[in-house]
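Comments concern the structure below.
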Amino acid sequence: YYLLSAFIFGISGTLISVLMRIELYSSGNRIISPENQNFYNVSITLHGLLMIFFLVMPGLFGGFGNYFVPIFQGSPEVVYPRVNNFSILVLFLSYLFVILSLISEFGGGTGWTLYPPLSTSFMSLSPSSTANLIFGLLISGISSCLTSLNFWVTNLNLRSYCLTLKTMPLFPWALFITAAMLLLTLPVLSGAFLMVFADLHSNTLFFDSVFGGDPVLYQHLFWFFGHPEVYILIIPAFGVISIVISGISQIIIFGNQSMIFAMSCISLLGTVVWGHHMYTVGLETDTRGYITGVTILISLPTGTKIFNWLSTYLGNPPLLHLKTNSAFFALLFLLMFTIGGSTGVILGNAAVDLGLHDTYYVVAHFHFVLSLGAVIAIFSGIIFNGEKILGSKSLLPSPSSTLSLYHFGSTFFGVFLTFSPMHFLGFNVMPRRIPDFPDSFHSWNF
């Protein structure tokens with residue numbers, strides 16, 4: 001159910017992104033009328049929320065997690081099966097609220113971050129659609145929290161006899177760490193959303209600077225969740241890639257213990273660097289120095305993981321790996337994630353970020369890590385484990401068939417052609433969230 005719902009929700013999010021790409025294919029207002037620029041912002045908002053909360057999280061965390069955590073640790077089931085059932089059922093309700101925001105009033109064109117004052121006070125175009133978005137995300141957060149609690153307790157209390165935390169495979173470890181981050185940060189996000197909701201409908205003044213509120217407080221609360229969130233999305237992908245690479249190489253991942261330490265370090269460091277999303281709000285120099293230093297520090301455990309995966313590959317006869325399509329996808333993940341991580345190191349520097357903030361360079365960076373990292377990990381995992389998941393060879397094309405090679409080729413060239421030019425647009429400071437651009441940007445957008 002998780003994988004199927006992720007597939008359905010992901011299609012709706014992808015269609016919205018196709019709409020945005022058609023709009024940006026050349027300059028001028030092409031399909032979004034000049035009178036309704038808000039619709040472009042609505043589509044950006046929905047694309048971001050649907051992809052993050054309704055494709056990657058249910059797919060990687062809910063779907064693969066429910067499937068493989070009990071298998072990997074030899075337990076018959078997760079600890080709370082009915083809570084698990086509740087988690088998947090309320091996901092559809094939250095999707096309904098998010099889609100409802102599209103058709104109530106003018107749609108919530110706040111961006112996926114729901115920053116005040118766009119989401120509060122008189123500047124909010126549509127209080128009811130913003131409220132729908134908030135309700136949808138709160139329900140989705142409840143679902144994620146319950147699933148996290150379930151995995152956490154299952155990992156600790158329902159392991160097979162003689163399987164210690166030290167010998168537990170990498171995939172359950174990845175989910176264990178992800179669940180801890182979700183349980184730590186989701187309540188903060190829920191609090192921030194409830195404050196926005198109160199500002200919007202109950203005359204409170206948390207974020208209204210005219211009356212002594214503080215819009216920057218919202219950014220702190222949001223990004224305290226928002227930065228760990230990107231690791232919540234990518235750490236289960238690390239687990240899936242570890243399964244695939246280990247399975248194809250027929251060998252345990254090189255430096256197994258260091259992989260566990262690396263994931264733990266990434267989650268710890270990732271929780272204390274939220275400030276690099278808001279260098280431009282006027283953080284003092286000391287804070288910016290600290291945030292820059294710790295952000296760049298995250299590249300060390302990440303580099304460790306990349307080299308361990310490569311070492312697992314290279315320690316075996318190379319022909320063995322190239323028989324299956326999931327191996328190609330796993331290698332593509334390593335390539336894309338490395339590129340995305342490198343641009344992240346560049347953006348982590350406060351001085352550089354002040355110039356590149358809110359340009360397409362940032363968009364290129366996180367799409368390389370997420371849409372070309374997390375989504376490709378989902379592909380790789382489904383292709384590699386498809387036979388086990390469906391219990392039949394005949395329902396999926398075989399991983400070495402021509403059809404799956406076409407899938408790989410079109411994905412590879414499609415994503416590369418879509419997201420590489422954004423780096424160049426960003427360096428020429430084309431701002432994001434704007435549906436039109438000067439003719440000088442035409443070639444890269446085209």
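The table below gives the values:
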| item | result |
| --- | --- |
| Only one of Val90, Val83, Val78, Val98 that is open to solvent by 30 Å² or more (accessible area, probe 1.4 Å) and modelled with pLDDT of 90 or more | Val83 |
| Scope the stretch 112-123; condition surrounded by fewer than 24 Cβ atoms within 10 Å (Cβ to Cβ), at pLDDT below 90 and assigned to a loop (DSSP other than H, G, I, E, B); matching residues | Pro117, Leu118 |
| Residue identified as of a type in the set (Ser, Thr, Tyr), in a helix (DSSP H, G or I), open to solvent by 40 Å² or more (accessible area, probe 1.4 Å) and on the phi < 0 side of the Ramachandran plot among Ser140, Ser148, Ser128 | Ser128 |
| From Ile134, Ile71, Ile103, residue being in contact (Cβ under 8 Å) with a residue 60 or more places away in the chain and either closer than 26 Å to Val363 by Cα or surrounded by fewer than 18 Cβ atoms within 10 Å (Cβ to Cβ) (or both) | Ile134 |
| Residues of the stretch 23-51 classified as in a helix (DSSP H, G or I), open to solvent by 20 Å² or more (accessible area, probe 1.4 Å) and of a type in the set (A, V, I, L, M, F, W, C), total | 3 |
| Any hit, the stretch 66-74, residues being modelled with pLDDT under 95 and within 19 Å of the chain's Cα centre (by Cα) | yes |
| Residue that is farthest from the chain's Cα centre (by Cα), among those in the stretch 204-225 that are small (Gly, Ala, Ser) and either surrounded by 20 or more Cβ atoms within 10 Å (Cβ to Cβ) or not in a helix (DSSP H, G or I) (or both) | Gly212 |
| Residue satisfying condition, being under 24 Å from Val56 (Cβ atoms), open to solvent by 10 Å² or more (accessible area, probe 1.4 Å) and in contact (Cβ under 8 Å) with a residue 40 or more places away in the chain, within set Leu182, Leu170, Leu189 | Leu170 |
| Among (1) open to solvent by less than 30 Å² (accessible area, probe 1.4 Å); (2) within 30 Å of Asn325 (Cβ to Cβ) - the single one Phe437 does not satisfy | (2) |
| Some residue of the stretch 380-388 being touching a Lys or Arg at 6+ places or on another chain (Cβ under 8 Å) and not polar (S, T, N, Q) | yes |
| Filtered residue count, the stretch 151-175, keeping only those that are of a type in the set (Gly, Ala, Ser) and part of a loop (DSSP other than H, G, I, E, B) | 1 |
| Candidates Gln73, Gln37, filtered to the one that is polar (S, T, N, Q) and out of contact with any helix residue (DSSP H, G or I) (no Cβ under 7 Å at 6 or more places or on another chain) | Gln37 |
| Residue in the stretch 288-303 that is in contact (Cβ under 8 Å) with a residue 40 or more places away in the chain, aromatic (Phe, Trp, Tyr) and either open to solvent by 10 Å² or more (accessible area, probe 1.4 Å) or in contact with a helix residue (DSSP H, G or I) (Cβ under 7 Å, 6 or more places away or on another chain) (or both) present | no |
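Listed here are the residues, each with its yes/no results for (1) acidic (Asp, Glu); (2) farther than 29 Å from Leu314 by Cα; (3) part of a helix (DSSP H, G or I); (4) touching a Phe, Trp or Tyr at 6+ places or on another chain (Cβ under 9 Å).
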| residue | (1), (2), (3), (4) |
| --- | --- |
| Leu233 | no, no, yes, yes |
| Gly239 | no, no, yes, yes |
| Ile251 | no, no, no, no |
| Phe254 | no, no, no, yes |
| Phe261 | no, no, yes, no |
| Ser267 | no, no, yes, yes |
| Gly275 | no, yes, yes, yes |
| Thr287 | no, yes, yes, no |
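Residue-wise test of (1) within 30 Å of Leu283 (Cα to Cα); (2) in contact (Cβ under 8 Å) with a residue 60 or more places away in the chain; (3) charged (D, E, K, R).
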position	(1), (2), (3)
Thr338	yes, no, no
Phe368	yes, no, no
Gly381	no, yes, no
Phe413	no, no, no
Phe419	no, no, no
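The values are calculated or read from the model by the stated rules, or taken from the named source; none is laboratory data. None of these values were measured; they are calculated from a predicted model. Ideal geometry is used to build each Cβ from the backbone, glycine not excepted, and the neighbour counts take in all protein chains shown. Side chains are part of the model used for accessible areas, which takes the heavy atoms of the whole protein and leaves out ligands, DNA and RNA. Shrake-Rupley method; radii C 1.70, N 1.55, O 1.52, S 1.80 Å.
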